[in-house]
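Student: Supplied in structure tokens, the structure appears directly below.
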Amino acid sequence: MYIIKFLQSFGEYLLLMGRSFQKPERFKMFLRKYYQEVMALGVNSIGIVLLISLFIGAVICIQMKLNIQSAWMPTWVSGYTTREIMLLEFSSAIMCLILAGKVGSNIASELGTMRVTQQIDALEIMGVNSASYLILPKITALVSIIPVLVTFSVAAGIAGAYCTAYFADIITPSDLTLGLQHQFTQWFFWMGVIKSLFFAFIIASVSSYYGYTVRGGSIEVGKASTNAVVSSSVLILFSDIFLTKMLS
Amino acid sequence: MITVDKLYKSFDDRQVLSDINTEFHNGKTNLIIGQSGSGKTVLMNCLVGLHEPSQGHILYDGRDLTAMSKRERTLLRREIGMLFQSSALFDSMTVLDNVMFPLDMFSTKSYKERRERALHCLDRVNLGGAESKYPNELSGGMQKRAAIARAIAMEPRYLFCDEPNSGLDPKTSLVIDKLISDITHENNITTVVNTHDMNSVIGIGENILFIDKGHKAWQGSNKEVLTADNKRLNDFIFASDFSKQLRQDIIANMAG
């Protein structure tokens, strides 16, 4: 029974994506909507990304210094591990899990409310491909803005680590700098960016599916919002394993 | 003119519409009336293509909606304006942007011309001056009028109104009814109104279709409805003792 339900939902999701990835009726309208979504989904998320990354970067550095580092290890280990954790996992996978909560629920509730208040029906009656008009700009906006968010996250995480060096005397700034520069592999940064592109697609498309297919009223919109966050998060975690294996 | 030919609609095992045959005339306000759950909303959804009929045909001036390709259906929909029960204005846009939306999407006119057309439509529904407001800043009646302005922006050949008076006070309902009727006659369009408002039935019902339990139970004009001898229709329209007495008085006056 669950398998049939899953296959049915997956089929509906694919059909919706098929309708979404169609040429926009008016490219000018698409660009206007794309710009709005970049602002709503991306630019409005910069604050939370910077805040969380700053604190997590600082906490990772403190944890590494106080609990992992020993006399047998070089003094730059804390800086090195902070950089690797931020680059490889936090700024891509964990940041996208956080964004799945913020952006995913936003997308699902917005589309769900549009569905129950007949705004999507109004688009259809006008002869507009509502899926393409509403969903395509969200997916393209989030996929194109996510590398910027990842970059900001890495930078904020490292800034957080420097805060522990300058303001808390946990590690000396020179040891931290040495660790951050030690055996830097540029590919690790690109790996994080590539993974985040997949995660951004998952967040935007899965949340849009749950929001767009809402039937009922406000309770169903709330459920769709929760389902969007849960499903996006689970899919991000699963795909993270495969992407990490493939890209490493 | 819209012709409905032997229309059936069922959801799973539940038959909602059975053997509906009717015509909605050009230049007239055509009303679909019936109790809640009688199937009138399903009929309207079938007419505009939001539901697929189980059997039967819907002809828009001879063009069969049920046999149309996706592309043909999209083109037909650009000739349709619809006023939804909930108004369905886009929350994120101002009133002017809402009215301009179909023009921005499909019209090849310049921005200035599109804006002028939208302002003209807003003036037509007496909403001049409200163009920069958002839908949540408007009253229910103003939202309905803004939705009418959006529906007529593309100069549609067919106008559908789903319970346009729901949630409105009687006076505002009369304003909306008059607006719909006037726009229908001015532009000579085929208007179909789904309602259970009796003031609308008497006031603007030039062609009334009464649906009862998914079947066509009666059809006629607002003049004929007063004297119709269909018991179910009379029980529905003249439900209260007061209205029953009123009907008898009117018939007695007509006879006298």
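The values are calculated or read from the model by the stated rules, or taken from the named source; none is laboratory data. This is a predicted model, so every value here is computed, not measured. Cβ coordinates were reconstructed from backbone atoms using ideal geometry, including for glycine residues, and neighbour counts include every protein chain displayed. Note: areas computed on protein heavy atoms with side chains; ligands, DNA, RNA excluded. Shrake-Rupley method; radii C 1.70, N 1.55, O 1.52, S 1.80 Å.
Student: Search segment B:86-107 for residues being facing chain A (nearest Cβ under 7 Å) and under 10 Å from B:P135 (Cβ atoms), and hand back the single one that is surrounded by the most Cβ atoms within 10 Å (Cβ to Cβ).
Tutor: Here the residue is B:A88.
Student: Okay, moving on. Considering only segment B:241-254, how many residues are farther than 18 Å from B:F210 by Cβ and open to solvent by less than 90 Å² (accessible area, probe 1.4 Å)?
Tutor: Total satisfying the criteria: 5.
Student: Go through segment A:192-224 and count every residue that is open to solvent by less than 30 Å² (accessible area, probe 1.4 Å) and closer than 16 Å to A:L15 by Cα.
Tutor: Number of matching residues: 10.
Student: Right, another one. What about A:K102, is it surrounded by fewer than 19 Cβ atoms within 10 Å (Cβ to Cβ), within 15 Å of the chain's Cα centre (by Cα), basic (K, R) and not in a loop (DSSP other than H, G, I, E, B)?
Tutor: yes
Student: Taking the conditions exactly as written (at pLDDT 95 or above and among the small types (G, A, S)), does A:G79 satisfy them or not?
Tutor: So A:G79 fails the test.
Student: Out of (1) touching a strand residue (DSSP E or B) at 6+ places or on another chain (Cβ under 9 Å); (2) over 22 Å from A:L14 (Cα atoms), what's the single condition that is false for A:G127?
Tutor: (2)
Student: Right, something else. Just to verify a result, which residue in segment B:146-173, among those that are within 28 Å of B:I2 (Cα to Cα) and open to solvent by 50 Å² or more (accessible area, probe 1.4 Å), is nearest to the chain's Cα centre (by Cα)?
Tutor: Going through the qualifying residues, I end up with B:R157.
Student: Also: State all residues of segment B:36-76 that are touching a Phe, Trp or Tyr at 6+ places or on another chain (Cβ under 8 Å), hydroxyl-bearing (S, T, Y) and either open to solvent by 30 Å² or more (accessible area, probe 1.4 Å) or within 13 Å of chain A (Cβ to nearest Cβ) (or both); if no residue qualifies, say none.
Tutor: Across segment B:36-76, the qualifying residue is only B:S54.
Student: Any chance segment B:11-31 includes a residue that's modelled with pLDDT under 90, among the hydroxyl-bearing types (S, T, Y) and crowded, with 20+ Cβ neighbours inside 10 Å?
Tutor: Checking segment B:11-31: not a single residue is modelled with pLDDT under 90, among the hydroxyl-bearing types (S, T, Y) and crowded, with 20+ Cβ neighbours inside 10 Å.
Student: Collect the residues in segment B:108-134 that are of a type in the set (D, E) and either assigned by TED's automatic domain parsing to the domain that holds B:K40 or open to solvent by 70 Å² or more (accessible area, probe 1.4 Å) (or both), keeping them in residue-number order.
Tutor: Within segment B:108-134, B:E113, B:E116, B:D123 meet the criteria.
Yes/no matrix, rows are residues, columns are (1) in contact with a Phe, Trp or Tyr (Cβ under 9 Å, 6 or more places away or on another chain); (2) within 14 Å of another protein chain (Cβ to nearest Cβ); (3) open to solvent by 20 Å² or more (accessible area, probe 1.4 Å); (4) of a type outside the set (A, V, I, L, M, F, W, C):
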position	(1), (2), (3), (4)
A:I62	no, no, yes, no
A:L66	no, no, yes, no
A:M73	no, no, yes, no
A:R83	yes, no, no, yes
A:F90	no, no, no, no
A:C96	yes, no, no, no
A:V116	no, yes, yes, no
A:M126	yes, yes, yes, no
A:A141	yes, no, no, no
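Student: For segment B:1-111, which strands (runs of 3 or more DSSP E) that fit wholly inside it have 2 or more residues that are of a type in the set (K, R)?
Tutor: B:2-11
Student: Quick one: count up the residues across segment A:159-173 that are part of a helix (DSSP H, G or I) and touching a helix residue (DSSP H, G or I) at 6+ places or on another chain (Cβ under 7 Å).
Tutor: 9
Student: Considering only helices (runs of 4 or more DSSP H) fully contained in segment B:145-256, which possess at least 2 residues that are at pLDDT 90 or above?
Tutor: In segment B:145-256, B:170-187 are the helices (runs of 4 or more DSSP H) which contain 2 or more residues that are at pLDDT 90 or above.
Student: Please work out which one of (1) within 14 Å of another protein chain (Cβ to nearest Cβ); (2) open to solvent by 60 Å² or more (accessible area, probe 1.4 Å); (3) within 21 Å of A:A200 (Cβ to Cβ) is the condition A:K33 fails and give its number.
Tutor: (2)
Student: Now for a separate question. Tell me, yes or no, whether segment A:162-178 has at least one residue that is within 20 Å of the chain's Cα centre (by Cα), buried (at least 23 other Cβ atoms within 10 Å of the Cβ) and touching a residue at least 60 places away in the same chain (Cβ under 8 Å).
Tutor: Looking for residues that are within 20 Å of the chain's Cα centre (by Cα), buried (at least 23 other Cβ atoms within 10 Å of the Cβ) and touching a residue at least 60 places away in the same chain (Cβ under 8 Å), one finds none in segment A:162-178, hence no.
Student: Which residue pairs have Cβ atoms closer than 7 Å, lie 6 or more positions apart in sequence or on different chains, and pair a first residue in segment A:206-233 that is in a helix (DSSP H, G or I) with a second residue that is surrounded by 24 or more Cβ atoms within 10 Å (Cβ to Cβ) and of a type in the set (D, E, K, R)?
Tutor: A:S208/A:K138
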